[in-house]
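Below is one structure, written out as structure tokens; comments come after it.
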Amino acid sequence: MKLLGPVAVLLLALAAPAHATSGPGCLVVVNVASSDPLNMRAGPSAAAGIVDILVPGRHGIVHLDAPCAPASRPWAQRWCPVTHYDGDRVRSGFVKARYVRDSDCP
């Protein structure tokens, strides 16, 4: 019976939707001019469709969903899977690692 408690907690945690929270795990846009928004793409490629734009200093919460990949490439050439929370809008996509830096979530 003691094992059932931790297993039940784990199953509930896996079933619950993920939401942005405070603490580490967020990103901020860097290395782009303030008048040049960062395109968030549908896939890890500059050829993938644009699903959202991130204006430096004025974007909502950009949460890093998983490690930037592929790990075999230099940091600036990796793509990061992210979720962008901006008011009631939520979009998921990819951004180039060279244009974001780690930040605490608000």
For GLY5, work out the one condition from (1) more than 16 Å from ARG98 (Cα to Cα); (2) modelled with pLDDT of 95 or more it doesn't fulfil.
(2)
Among the residues of the stretch 87-101, write down those that are within 15 Å of VAL32 (Cβ to Cβ), part of a strand (DSSP E or B) and of a type in the set (D, E, K, R).
LYS96, ARG101
So, of the residues in the stretch 18-29 that are under 17 Å from ARG101 (Cβ atoms) and surrounded by fewer than 13 Cβ atoms within 10 Å (Cβ to Cβ), which turns out to be modelled with the highest pLDDT?
PRO24
Scan the stretch 53-106 residue by residue and report those that are in contact with a helix residue (DSSP H, G or I) (Cβ under 7 Å, 6 or more places away or on another chain), without any contact (Cβ under 8 Å) to a residue 24 or more places away in the chain and farther than 14 Å from VAL29 by Cα.
TRP75, ARG78
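State all residues of the stretch 40-64 that are assigned to a loop (DSSP other than H, G, I, E, B) and either modelled with pLDDT of 95 or more or of a type in the set (Phe, Trp, Tyr) (or both); if no residue qualifies, say none. Walk me through how you get there before you give the answer.
The first filter runs over the stretch 40-64 and keeps only residues assigned to a loop (DSSP other than H, G, I, E, B), leaving 42-49, 55-60.
Answer for the stretch 40-64, where residues must be assigned to a loop (DSSP other than H, G, I, E, B) and either modelled with pLDDT of 95 or more or of a type in the set (Phe, Trp, Tyr) (or both): ALA42, GLY43, PRO44, SER45, ALA46, ALA47, ALA48, GLY49.
Condition first: outside any strand (DSSP E or B) and surrounded by fewer than 17 Cβ atoms within 10 Å (Cβ to Cβ). Now tell me which residues in the stretch 65-86 satisfy that.
Listed by number, the residues that qualify are ASP65, ALA66, PRO67, PRO70, ALA71, SER72, ARG73, PRO74, TRP75, ALA76, GLN77.
The values are calculated or read from the model by the stated rules, or taken from the named source; none is laboratory data. Remember, predicted model here, so these are calculated numbers, not experimental data. Heads up, the Cβs are rebuilt from the backbone with ideal geometry, glycines too, and the neighbour counts pull from every protein chain shown.
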